[in-house]
Amino acid sequence: MTALDTFDVVLPQRVVVGAGATARLPQLAQRLGLRRLLVVTDPGLREHPAVHAVVAGLEAAGLAAAIFDAVQVDPTVGNVADGVDALRAHAADGIVAVGGGSPIDAAKGIAALALDDQPRDLIALAGFDNVGGRALPLIAVPTTAGSGSEVTRAAVIADPARQIKVPLYDDALLPAVALVDPLHTLTMPPRLTAEVGIDALVHAVEAMTSKVASPVTDQFALEAARLIGPSLARVYAQPDDEAARAAMAFGATLAGAAISNATIALVHGMARPLGAHFHVPHGAATGILLAPVVRFGLGAAPERYAAIARAAGAAGSEDPDGEAGELLVAWLDALTAQIGIPRLSGYGIAPDAFEAALGPMADAALASNGPEFNCREADREQIVALYREAW
Ligand SMILES: NC(=O)c1ccc[n+]([C@@H]2O[C@H](COP(=O)([O-])OP(=O)(O)OC[C@H]3O[C@@H](n4cnc5c(N)ncnc54)[C@H](O)[C@@H]3O)[C@@H](O)[C@H]2O)c1
Ligand SMILES: [Fe+2]
C-alpha cells in the first residue's frame, strides 16, 4: 500500500475496555436515547454475573429491561425471529447483547429485522451490504474473548432447514457501543477458552495477511498478536489469571476490529464447511486450519507473516523473514497441542465421510467470499489438499 492509496475503517461509536466496563451501560444507553432494552443472551448465561450486572444496572437507572435468552450456539434464523417477537412484546427501542459471538450475532440479526414492515429472510441478505441502513441501536457486552463480534460489521446466521450457515456484512450490523469487561470471561472453562482464543489469533493473522489489509488493520492485528501470543496458553492453564484474561479480551476485540475491516480470508472460508458438515466448533476449525494455510501462503507475503510471527512471540527480531514464517507454523502447531486442540482426525469424523465431503467443502469454501482475500489464492485442488493436511 502506498501513501496515495485509500482505505477506510468502520468501528463502533464507542468501545470501553477494562474491568468494570459494564457499569457504563446505563449512561451510554441513555446517551443513545434508549429507554426500553431487550437483553439478548443464551440459556447457559442466564445466571451469569454479566447478565445480572446488565439488568440490575439498567433497572437502577430507570430503564426497562426484558431478557430473551433463547439463542443457540451458532444462532439460527428461528432464534432471530423469536427475538424479534420478544423485542416487539417488550416494545424495546434498543438491544443489549450479552454473551459470546452467538448472542451478539443473533442480536445483530434481531436489530436489523426489528424495523421491517414486511419480514425479510436473513439468509437472502448474506454477503456484503445487503442489509440496508436501518437497525435498532445495539450495545454488545462480550463474555468470551474470541469472536470480536462486539466490534465487527459481521453476523453469522444458520438455517438448519437449508443446512447452511452464512455470513452477512453490513455497517448496519455494527454495534453502537462495545463494553469489553475481561472479568466476564473468568468463568470460561479451558476448552471454550482455547477455542475462542485461537479464533481471535486467527483473526489477527488473517487480517495481517489479507489482500485488503490497511495500515490501521495492520496495527490492530499486530497489537492483538502481541497480547494474545503469550497469553493464550496461560489462560488455558490458569483460568483465574486476570492479567492474561485482560490481555485476551482486549486482544480479541482488536483482532475483531482488524478482521472486520480487512475481511476474513481462506481460513474462515474453509472453517465454515467443517462446522456445517462435521460440527467442528468455529474456533477449533479455524485453529486447526491456520498452520497449513500459513504454510501455503508464506511465499506470497513473507514480511507480513514475519511481522505477525514476531509480534506473537513465535520469532525474534534476529530471525530473517523467511525463517520467521516457518517458526510461526511450528509455534502454531505447538500452541494448538498445548491448549488441547487436536488435528481434524481427533473430532470423531469417519475417514470415508471426510474424503466424501472434501469436494463439497472446497466448493463451499470457494463460494464463501473468503479465499479471494488471502494473500495467496487457492484453487479447488489446493483447498482439498489443505483440508487433508489438517486431518
Ligand atoms: N460476527 C462476527 O464477527 C463473528 C466472528 C467470529 C465468530 N462468530 C460467530 O460466533 C459464534 C461463536 O461465538 P463464541 O465462540 O464467542 O461462543 P458462543 O457465543 O457460541 O458461546 C459458546 C458457549 O459458551 C458459553 N459461554 C459464553 N461465555 C461464557 C462465559 N464467560 N463463561 C462460561 N460459559 C460461557 C455459552 O453459554 C455457550 O454455551 C459462532 O456462531 C461464530 O460463527 C462471529
Ligand atoms: Fe472467527
| Plugging the Kirkwood radius over Cα pairs into Stokes-Einstein for the stretch 190-390, at a temperature of 10 °C and a viscosity of 1.306 mPa s, what D comes out in µm²/s? | 96 µm²/s
| query | Gaussian network model of the chain, Cα springs within a sub-10 Å range: biggest mean-square fluctuation belongs to which of 132, 78, 283? | reply | 132
| task | Could you give the size of the charge dipole of the stretch 14-184 about its Cα centre, using +1 on the Cβ of each K and R and -1 on the Cβ of each D and E, expressed in debye and rounded to the nearest 20? | result | 380 debye
| request: Putting +1 on Lys and Arg Cβ atoms and -1 on Asp and Glu Cβ atoms, find which of 278, 261, 368 reaches farthest to the positive end of the dipole of the chain. | output: 261
| Does anyone have the angle between helix 266-278 and the longest principal axis of the chain? Alpha-carbon axes, 0 to 90°, nearest 10? | 70 degrees
| remark: Residues other than residue 287 with Cβ under 13 Å of its Cβ, Lys/Arg counted +1 and Asp/Glu -1, net out at -2
| note | Quarter of the surface of the C-alpha convex hull for the stretch 232-273, i.e. direction-averaged projected area in nm², equals 3.7 nm²
| remark: Dividing the mean separation of Cα pairs under 8 Å (6+ apart) by the residue count of the chain yields a relative contact order in percent of 15 percent
| query | Separation between the residue 353 and residue 164 pseudo-spin-labels, each 7 Å from Cα along Cα→Cβ, expressed in nm? | reply | 2.3 nm
| message | Using the basic label-point model (7 angstrom from Cα toward the beta carbon), what is the residue 380 to residue 117 distance in nanometres? | response | 4.5 nm
| note | For residue 132, the net charge from surrounding residues (Cβ-Cβ under 11 Å; K, R +1; D, E -1) works out to -2
| note | Measuring from the longest principal axis of the C-alpha atoms of the chain, the long axis of helix 351-366 (C-alpha) lies at a number of degrees, nearest 10, equal to 70 degrees
| field | Most positive-pole-ward Cα, 247, 138, 63, against dipole of the chain from beta carbon charges | value | 63
| said: Just want to confirm a number: the relative contact order over the stretch 190-390, from Cα pairs under 8 angstrom separated by 6+ residues, in percent. | reply: 28 percent
| task | Sum -39500 (n - 2.57) across every DSSP H segment of at least 4 residues in the chain, then divide by the residue count to get the 222 nm mean residue ellipticity, nearest 500. | result | -15500 deg cm²/dmol
| field | Only Lys, Arg (+1) and Asp, Glu (-1) charged, at Cβ; the chain dipole about Cα centre in debye | value | 700 debye
| For 211, 108, 165, what ranking results if the residue with the fewest other Cβ atoms within 10 Å of its Cβ goes first? | 211, 165, 108
| task | Could you please rank 279, 203, placing first whichever residue has the fewest other Cβ atoms within 10 Å of its Cβ? | result | 279, 203
| request: Arrange 1, 188 by Cβ neighbour counts within 10 Å, fewest through most, would you? | output: 1, 188
| note | Once both label points are put 7 Å beyond Cα along the C-beta direction, the residue 7-residue 234 separation in nm becomes 2.8 nm
| note | Counting only DSSP beta bridges fully inside the chain, the antiparallel percentage to nearest 5 is 25 percent
| remark: Farthest towards the positive end of the dipole of the stretch 190-390, among 291, 387, 349 and with Cβ unit charges of +1 on Lys and Arg and -1 on Asp and Glu, lies the Cα of 349
| note | If one compares the long axis through the Cα atoms of helix 77-89 with the longest principal axis of the Cα atoms of the chain, the angle in degrees, nearest 10, works out at 20 degrees
| note | Residue-ordered couplings for the stretch 178-188, obtained by feeding phi - 60° into the Karplus form 6.51 cos²θ - 1.76 cosθ + 1.60 and rounding to whole Hz (Gly and Pro as x), are 10, 10, 9, 10, x, 5, 5, 8, 4, 7, 5
| query | According to the Kirkwood expression over distinct Cα-Cα pairs, how big is the hydrodynamic radius of the chain, in Å? | reply | 20.8 Å
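All of the numbers you see were taken from the coordinates with simple rules; none came from a lab. Note that the structure is a prediction, hence the values are computed from the model and not measured. Every residue, glycine as well, gets a Cβ built from its backbone with ideal geometry; the counts of neighbours run over all protein chains shown.
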